[in-house]
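Have a look at the structure below before the remarks.
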Amino acid sequence: EIDYLLDIMPQLQVLVKEGGQVAQKNAASAFGPGSDLPGMLSKYFASVSAGPHTEKTLIFAGTEANYCVLASVLGAIDHYYRPVVVADAVASANPNAARAVFDYILPSFQHFADTASTFEAVDVLRSNAAAMTSES
């Protein structure tokens, strides 16, 4: 049985129980045909009153840096999001291909996308959460 491979990792299930959303994708890009992510993101950002000129940041981690992750990052840019790729949370079956993404491809999109370490991404998320809590 390999059905467990289709489930949410036990370490992430708590996020879903707390209201985190899970999007399904049928192509390399999370923004590709059949994906419900674009609609979910539009609904979310509308619910928090993010206007058309508000920077909307998405954080990316995953496997196959040179295919699925890269395709999703480029899709995010096409949808006017600001992707942040967590470099130490991205992998590839071909380490040279992953290095090419970080060394050559992503830098050419430096005005549209960022990279960060897990530590940096978590630090920013904590700061933003604290700021949102103090505004309430």
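Which one, Phe102, Phe31, Phe119, has the greatest fluctuation when you compute a Gaussian network model over the chain with C-alpha springs under 10 angstrom?
Per the Cα network of the chain with a 10 Å cutoff, Phe119 tops the list.
Three principal axis extents, largest first, for the C-alpha atoms of the chain, in Å?
Principal axes ranked by extent give 46, 43, 31 Å for the Cα atoms.
Ignoring any ligand, DNA or RNA, what whole percent of the accessible area of region 50-136 comes from carbon and sulfur when the probe is 1.4 angstrom?
Of all accessible area on region 50-136, carbon and sulfur atoms account for 58 percent.
Under 5 Å between amide hydrogens, which residues at least 5 positions from Arg82 or on another chain qualify, with H placed 1.01 Å from N in the peptide plane?
Those lying under 5 Å, H to H, from Arg82 are Lys56, Thr57, Leu58.
Applying the Karplus parametrisation 6.51 cos²θ - 1.76 cosθ + 1.60 with θ = phi - 60° to the phi angles of region 68-77, what ³J(HN,Hα) value in whole Hz is obtained for each residue in order, glycine and proline being reported as x?
5, 5, 4, 4, 5, 4, 5, x, 4, 4
For region 20-68, what are the per-bin percents of Cα-Cα distances with bins 5 Å wide, up to the bin holding the maximum?
5, 17, 25, 24, 18, 10, 2
May I ask you to evaluate 6.51 cos²θ - 1.76 cosθ + 1.60, the Karplus curve with θ = phi - 60°, for each residue of region 5-14 and list the ³J(HN,Hα) values in order in whole Hz, giving x for glycine and proline?
Using θ = phi - 60°, the values come out as 5, 8, 7, 6, 3, x, 5, 9, 4, 4 Hz.
How much length is gained on full extension from Thr118 to Asp88, taking 0.36 nm per residue of separation minus their Cα-Cα distance?
Stretched out fully, the Thr118 to Asp88 stretch lengthens by 10.2 nm.
How high is the relative contact order of the chain? Use alpha-carbon pairs under 8 Å, at least six apart in sequence, and give a whole percent.
18
Over 13 Å, how big is the tail of the calculated P(r) for region 1-42, in percent of all Cα pairs?
Tail fraction, whole percent: 62.
The values are calculated or read from the model by the stated rules, or taken from the named source; none is laboratory data. Small disclaimer: the values here were computed from a predicted structure and weren't measured. These area figures cover heavy atoms from the full protein model, side chains too; ligands, DNA and RNA do not enter into them. Shrake-Rupley method; radii C 1.70, N 1.55, O 1.52, S 1.80 Å.
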